[in-house]
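Asks: Supplied in structure tokens, the structure appears directly below.
What follows draws every value from the coordinates through simple rules; no lab data is involved. Treat the numbers as computed from the prediction; the structure is a model and nothing was measured. Cβ atoms come from the backbone with ideal geometry, glycine included; neighbour counts cover every protein chain shown.
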Amino acid sequence: MKILVTGGLGFIGSHTVVELVNAGYDPVIIDDLSNSNIKILDQLAKIIGYKPAFYKLDLCDEKAVKDLAAKEADIAGIIHFAASKAVGESVKNPLKYYYNNFFSLINILKAYDGKAISFVFSSSCTVYGQPDVLPVTEDAPVKPAQSPYGNTKQIAEEILQDIIAAGTAYKIISLRYFNPVGAHDSALIGELPIGVPQNLIPFITQAAIGKREKITVFGNTYNTPDGSCVRDYIHVVDLAKAHVAAIKLMEPESFSGYDVFNIGTGNGSSVLEVIKAFENATGQKLKYEIGPPREGDVEQVWGDVTKSTKKLNWKAGLDLGTMMSSAWAWEQYIAQNPL
Ligand code: WQD
């Protein structure tokens with residue numbers, strides 16, 4: 001069965017393409033290459049044994065998306081990753097985020113409207129803001145977004161619920177990711193930040209390989225055990241498998257409407273704990289300094305994954321050490337094999 005994967009050459013998208021093939025699906029990749037590299041297609045071929053179908057396409061181009069839907073009419077599902085995703089950039093350039101993230105979503109939904117297609121939406125724990133209760137469950141209140149990026153995820157979930165209420169033929173699942181990190185165990189695909197990494201793990205691996213002089217820990221005076229922020233880091237391969245589980249859950253007639261799931265490990269790790277875990281897993285000593293807190297950061301968030309375990313039939317299985325060692329193997333690979 002064909003599954004359209006928008007943003008399929010990106011970090012999470014490419015790992016999901018691998019897991020879709022492993023599960024017997026036929027992924028069709030859509031990507032505008034604005035935040036990904038066409039060479040990932042060749043890397044994917046090395047892993048899955050063939051080059052998946054690929055369309056270079058800007059999902060904000062309504063006519064191009066309609067033409068795609070005419071060409072790829074017989075699809076069973078859509079996994080929608082394509083979106084701008086840097087929290088800090090969204091604060092500086094909100095219109096880019098509202099334009100890209102909403103028009104791409106609306107165009108793909110309109111193009112296949114009326115068909116009983118399974119639709120998986122890439123959402124984020126950002127919608128929770130700083131939860132009042134931890135671990136955070138899916139029915140926790142969605143709080144005012146702390147960034148335009150987070151706001152686009154909140155409003156996108158509302159758009160999806162509104163079309164369900166209007167009687168759309170789509171079946172829809174939103175997956176609220178916690179912090180995706182690590183890389184495929186082949187070290188052939190992984191996170192490819194453009195410029196200075198905004199996220200912790202790519203910054204750590206670039207510091208370890210000597211591309212960055214040292215890591216700045218954004219604050220150590222939070223109300224957490226060691227003062228640094230706590231997050232629920234999840235291996236990107238576990239996260240990718242959750243998308244296959246979501247597609248499977250929507251296959252039977254018995255599934256209808258909309259559902260939402262936390263995709264995390266259920267465990268929180270502080271920034272300082274992650275640095276220690278990286279050093280232990282790789283033997284690389286990291287230089288870091290304590291800097292001021294980063295604007296917009298929530299203090300601590302980790303997910304309650306009971307619903308995902310019970311209803312999505314999915315559970316993360318890879319530990320923090322594996323996340324660190326796989327991220328390091330990927331950094332070493334791209335140092336030797338620049339894409
Ligand atoms: C993690 C922790 C930082 C860099 C965001 C989005 C989320 C997802 C991932 C898209 C924080 C600290 C970081 C550094 C540091 N986005 N940090 N020094 O902000 O939790 O999540 O990115 O998929 O939706 O909200 O991730 O990796 O940026 O930060 O101390 O150089 O590491 O303060 O506590 P974040 P992150």
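Asks: Could you tell me what percent of the DSSP beta bridges with both partners in the chain are antiparallel, to the nearest 5?
Replies: Just about 5 percent of them are antiparallel.
Asks: Something else about it: Please name which of Ile334, Ile290, Ser308 has its Cα lying farthest along the dipole of region 256-339 towards the positive end, using unit charges on Cβ (Lys, Arg +1; Asp, Glu -1) and the Cα centre as origin.
Replies: Result: Ser308.
Asks: Related question: Pairs of alpha-carbon atoms within less than 8 angstrom and 6+ residues apart define the contacts here; what relative contact order does region 178-327 have, in percent?
Replies: Relative CO of region 178-327 lands at 37 percent.
Asks: Report, in debye and to the nearest 20, how large the dipole of the chain comes out about its Cα centre when Lys and Arg carry +1 and Asp and Glu carry -1 on their Cβ.
Replies: Details: 31 positive and 37 negative charges, 95 e Å.
Magnitude of the dipole: close to 460 debye.
Asks: Taking only the C-alpha atoms, wrap a convex hull around region 143-193 and report its volume per residue in Å³ as a whole number.
Replies: Details: hull volume 6.8 nm³, N = 51.
In region 143-193, the Cα convex hull volume per residue is 133 Å³.
Asks: Still on this structure, please answer the following. Would you mind telling me which residue in Gln206, Gln300, Gln198 has the biggest mean-square fluctuation in a Gaussian network model of the chain, where springs connect alpha carbons within a distance under 10 angstrom?
Replies: Per the Cα network of the chain with a 10 Å cutoff, Gln198 tops the list.
Asks: Springs between alpha-carbon atoms under 10 Å, Gaussian network over the chain: tell me which of Ile172, Ile194, Ile78 tops the mean-square fluctuations.
Replies: The residue that fluctuates most here is Ile194.
Asks: In whole angstrom, how long is each semi-axis of the equivalent ellipsoid of the chain, when you take the square root of 5 times every eigenvalue of its Cα gyration tensor and sort them from largest down?
Replies: Ellipsoid semi-axes (Å, largest first): 31, 23, 19.
Asks: Projected area of region 1-152, taken from the Cα convex hull and averaged over every viewing direction, in nm²?
Replies: Details: hull surface 40.0 nm².
Directional mean of the projected Cα hull area for region 1-152 stands at 10.0 nm².
Asks: Determine the relative contact order of the chain: mean sequence separation of Cα pairs under 8 Å and six or more apart, normalised by residue count, in whole percent.
Replies: Details: 677 pairs, mean separation 65.4, N = 339.
Computed value for the chain: 19 percent relative contact order.
Asks: Related question: Restricting things to Cα coordinates, could you compute the convex hull volume per residue of region 208-250 in Å³?
Replies: 136
Asks: How big is the dipole moment of region 206-339 about its Cα centre under a simple scheme where the beta carbon of each Lys and Arg is +1, that of each Asp and Glu is -1, and everything else is neutral? Debye, nearest 20, please. Walk me through the intermediate numbers first.
Replies: Working: 14 positive and 16 negative charges, 53 e Å.
With only Lys, Arg, Asp and Glu charged at Cβ, the dipole is about 260 debye.
Asks: Springs between alpha-carbon pairs under 10 angstrom, Gaussian network model over the chain: which of Thr224, Thr168, Thr126 fluctuates most?
Replies: Result: Thr224 has the largest fluctuation of those listed.
Asks: Limiting things to C-alpha atoms, what are the Rg and the maximum Cα-Cα separation (Dmax) for region 1-78, in angstroms?
Replies: When restricted to Cα atoms, region 1-78 yields Rg and Dmax of 11.8, 33 Å.
Asks: Can you pull the Kirkwood radius for region 195-339, inverse mean 1/r over Cα pairs, to one decimal in Å?
Replies: The answer is 16.9 Å.
Asks: Dipole of region 52-109, Cα-centred, from +1 at each Lys and Arg C-beta and -1 at each Asp and Glu C-beta, to the nearest 20 debye?
Replies: Using Cβ point charges on Lys, Arg, Asp and Glu, region 52-109 gives about 200 debye.
Asks: Report, largest value first, the span of the C-alpha coordinates of region 109-169 along each principal axis, in whole Å.
Replies: Between the extreme Cα coordinates on each principal axis of region 109-169 lie 39, 22, 17 Å.
Asks: Taking the dipole about the Cα centre of the chain, with the C-beta of Lys and Arg at +1 and of Asp and Glu at -1, give me whichever of Ala23, Gly210, Phe102 is farthest to the positive side.
Replies: Final value for the positive-end residue is Gly210.
Asks: State the volume of the convex hull built on the alpha-carbon positions of region 12-55, expressed per residue in Å³ and rounded to an integer.
Replies: Spelled out: Cα convex hull of region 12-55, divided by residues, is 60 Å³.
Asks: Which of the three applies to region 290-339, rounded, prolate or oblate, going by the alpha-carbon gyration tensor with a ≥ b ≥ c and a/c under 1.5 meaning rounded?
Replies: Numbers: a/c = 2.91, a/b = 1.23, b/c = 2.36.
Verdict is oblate for region 290-339.
Asks: So, one more: For region 1-69, which chymotrypsin sites (Phe, Trp or Tyr not before Pro) are in a loop by DSSP, counting at most 15 other Cβ atoms within 10 Å?
Replies: Within region 1-69, the qualifying chymotrypsin sites (Phe, Trp or Tyr not before Pro) (loop, at most 15 other Cβ atoms within 10 Å) are Tyr50.
Asks: Under the Kirkwood approximation applied to all pairs of distinct alpha-carbon atoms, what is the hydrodynamic radius of region 134-226 in Å? It would help to have the intermediate numbers written out before the result.
Replies: Working: mean 1/r = 0.0580 Å⁻¹.
Kirkwood hydrodynamic radius for region 134-226: 17.2 Å.
Asks: While we're looking at this one, here's another question. Counting pairs of Cα atoms in region 61-111, how many percent are more than 18 Å apart?
Replies: 39
Asks: Further, regarding this structure: For the residues Val305, Val217, Val298, what sequence is obtained by ranking on other C-beta atoms within 10 Å, fewest first?
Replies: Lowest to highest Cβ neighbour count: Val298, Val217, Val305.
Asks: Ignoring GluC sites (Glu not before Pro) that are buried or in helix or strand per DSSP, and keeping those with at most 15 other beta carbon atoms within 10 Å, what is the longest stretch of the chain between them?
Replies: 1-212
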